[in-house]
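K.L.:
Take a look at the following structure, please.
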Amino acid sequence: MRKTKQDPDIEWYRKIVLRRGWWLLLALTALAVWCGLHLRQLRVEAGADSLLDENDPALETYTQTREAWGTDEYAIVCVTADDWFAPEGIERLEAIAEDLRGIPHVDSLLSVLDVPLMRQQPDRKPNLLTLGSALRRLGDADVDLERARAELLEHELAVGNLVSRDGRSLSILVNLDADVPADEVEKRRTVMVEGIRKVAATWSGKLSEPVRLSGVPIINVNLIEHVRHDLRVFGLGALILFTVALALVYRSPMVVLCLLLAAALPVLLVVGLMSARDLELTVITANLPLLLFVLTLPYGIYVVERWREQGGSAGSREESESRMLAAVRGAWKPCLFSCLTTLAGFAALTTSGIVPVKTFGMMMAVGMATGLVVVFLFVPAFLTRFPWRPARKAHGKTAEDGPRGPVALCARLASAMPGWVVVASALLLVAGILGALRLNAENKFTNYFRKSSEVYRGLEHIDRQMGGTVSLEVCLRAPEAGFFRSGAGLQAVESVERYFDSVPETGNVRSVHAVFREARKTFSAEAFPSLQSGALIALVDLAAPEMLRDVVDPDYRTARVFVRLKETAPTLNRVRILEGLQRHLEGRPELEGLEVETTGIFVLYANMLRSLLISQRDTILMVVAAVYLMLLLLFRSPWLALLVLLPQALPAMVVLGLMGWTGIPLDLVTVMTGAIAMGVGIDAAIQFTSRYRTELAVDGDRRAALRRTHATIGRAIWIATSVIVAGFAVLVTSEFFPSVWFGLLTGVAMLMSQFAALTTLPAVFLCAGVPRAAGTGVRGKRNA
């Protein structure tokens, strides 16, 4: 073994890390404590704006429409019974509404109790002059309940919005008082949702069906709760799994503690940095702590395994330090380049227009660099302070004797049938590529939640019974005021509505023309032949302005068609609907001279999903280029870099192919899987290739070199990958399905990277050969 103390380039490491290890450990502890104090201000955010593409031009339009038409900060309380249009049903509905009004931070309510009833006296001709005083509401004492029921069940604005077509389900819109500073909105939203849940729990037992909840505040609070639940469960579950797995492998409390602390420190530092910079955790970045932990852990395992090969701390302190220096020297370069390739995979995500994805990529890149530095400072300092003597020959085995267990099986497979392994891997790669071509991003928001969850139950019921859950808006602007009170203006609005008659996923449609149609049911053209459209709209505006305010502005220059679409419809295809709408709008002569803009959550979500496909392609290409460049810098051989790169395309392609063949759509979380699989999978390949070249320089015997490589770094790869897969298994407990898919798919990617590194890569080396490390030869001695 080379005397590392004579190497000036590493002597500083001995002095700072090994000789002054206590000071280093104390400094890292102090830094961890400082970051830990900042965790108290860590915020969890799950607003809809955090899930959208900030580069989408439609986002600015949507923001402007919210300023003009009001925010989406209202919860939907859906109640079901058979007697809403009986006195006892109305009394019950009023009691529910009263309970909801008593919740803190509730600004206002909207329900069928607030809908103006125009046709309470069908046997008498309506009086234009006394229309306002003649209007009734469902709760009025003199209302005819049967006529009220008939009117509401065919009401253009109420049916599918506030009442189901069968009259059994009613929606109460609970508006949040959000006219406060942004940091207060979340607190008020949480308090309001907690109050709504209590009211819902109270009334669920008194109705024929449970109360269902939905709306932006409900979804927002649920997502935050899922993030916090996942952080707790993942943290505790992963800690237990990692502890048990490492204890079974090393059977040393000190080694287990060392590895866990070395992997946990970067997490604490990065999350503390996020808190200090006021970066919140979202449903996307919530996986960052677990992912950073499991990706940092292998670096510590590689150092420990190298030290284990040297004999650990057996002998004098000087010998123990020399062995540790040799272990660090052997592990540092492969870990550095594997870290850089992994870092490149995460850095590619910073090109995304979705802020949490960009933040995730940036913080994971910082975290990987931090993790590498921390591991190579903490692990040597800790183990030289707390000695460990591994039983290298407890079973009569050494590296020369070859690998054991599953690693031995991989070694025999690669050595006995290298050609068949390469062919099988190539076929698997082709199948993955073909599957990746089938990838789609046609996702549904309801697919994010388990069927038993509050959000899913509310969304599904409202979607099916109340006329849709996701909104699409077509905004029309005229050059002059009063246009949308005229016949031409109403025809323009009607021409937009006409498209949705052919869209089977359409639920409720609201517009100024719908108000006109509703008014015409009372003031028919036959009974009032001289009553023009403008006069009729003006009459409604005077008697019941609330019917118009969310579909046309006060000067009638701007109007909107507000459409709710049924997201749970099996035929839903956002691209088809939006492209069809665009073609329809371009060909309508009624819209000539008008500004027409399409917006709404439906549009933003469709654009975001479309951008995911583009992002997936771009990030994969960037990662492949970055990984090849890193391999070229490491091995100084274009041929070897290509040989290592091709097998390590397997993890990414298998994962993407699996998604394509099984129909798992891309979403905000799974879109990161391909780039991560490519960047992470190369770690094992770099470790294996670096060690193989060293072993090959000993005697030039490829098969013997592979046997020794499998017995040494192969064992470390198997341990590290198996522990990582176990850690990702914790994600299946998430209530948020994208996290479940992320855990499963990343676990599959890690298993494939293990297979590729221990089977495909050595088979490729046997078939194609591999250049030896520069400066070594067959006569050289193996340098541990």
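The values are calculated or read from the model by the stated rules, or taken from the named source; none is laboratory data. The shown structure was predicted, so the numbers you read here are calculated from the model rather than taken from an experiment. Cβ coordinates were reconstructed from backbone atoms using ideal geometry, including for glycine residues, and neighbour counts include every protein chain displayed. For accessibility, only protein heavy atoms count, side chains too; no ligands or nucleic acids. Shrake-Rupley method; radii C 1.70, N 1.55, O 1.52, S 1.80 Å.
K.L.:
Please work out the Cα center distance from the stretch 602-654 to the stretch 402-468, rounded to the nearest Å.
P.N.:
18 Å
K.L.:
Right, something else. Which net charge results when you count Lys and Arg as +1 and Asp and Glu as -1 among the other residues whose beta-carbon is under 12 Å from that of T350?
P.N.:
0
K.L.:
Using only the alpha carbons of the stretch 270-360, what is the convex hull's orientation-averaged projected area in square nanometres?
P.N.:
Its average projected convex-hull area is 7.3 nm².
K.L.:
What percentage of all Cα-Cα pairs in the chain are separated by more than 39 Å?
P.N.:
Numbers: 146722 of 306936 pairs.
The proportion of pairs with Cα distances above 39 Å equals 48 percent.
K.L.:
While we're on this one: At a 1.4 Å probe, what is the % contribution of carbon and sulfur to the accessible area of the chain?
P.N.:
Summing carbon and sulfur atoms, their accessible area is 59 percent of the total for the chain.
K.L.:
Below 14 Å, Cα to Cα, which aspartates and glutamates can K521 reach? Residues fewer than 8 away in the same chain don't count.
P.N.:
Partners within reach: D123, E151, E154, E156.
K.L.:
For every helix of n ≥ 4 consecutive DSSP H residues, a contribution of -39,500 (n - 2.57) applies; sum these over the chain, divide by its total residues, and give [θ] at 222 nm rounded to the nearest 500 deg cm²/dmol. Mind showing how you got there, number by number?
P.N.:
Details: 27 runs with 456 residues, N = 784.
Computed mean residue ellipticity for the chain: -19500 deg cm²/dmol.
K.L.:
In nanometres, what is the gap between the two model label sites at R549 and L248, each 7 Å from Cα along Cα-to-Cβ?
P.N.:
Distance between label points: 6.4 nm.
K.L.:
Mind scanning K15/K358; K358/K566; K187/K566; K187/K358; K198/K451; K15/K333 and naming the pairs with a C-alpha gap bigger than 28 Å?
P.N.:
Flagged as over cut-off: K15/K358; K358/K566; K187/K566.
K.L.:
Still on this structure, please answer the following. To test your reading of the geometry: what angle, between 0 and 90 degrees and rounded to tens, separates the Cα axis of helix 649-662 from the longest principal axis of the chain?
P.N.:
Once rounded, the angle reads 30 degrees.
K.L.:
Please express the Cα-Cα pair-distance distribution P(r) of the stretch 490-633 as a list of whole percents, one per 10 Å bin, running from 0 to the bin with the greatest distance.
P.N.:
With 10 Å bins starting at 0, P(r) equals 9, 30, 26, 16, 8, 6, 3, 1, 0.
K.L.:
Just grab the label-to-label distance for E209 and A535, each label 7 Å out from Cα along the Cβ direction, in nm (one decimal).
P.N.:
4.5 nm
K.L.:
Give me the accessible area per residue for the chain, probe 1.4 Å, as a whole number in Å².
P.N.:
41 Å²
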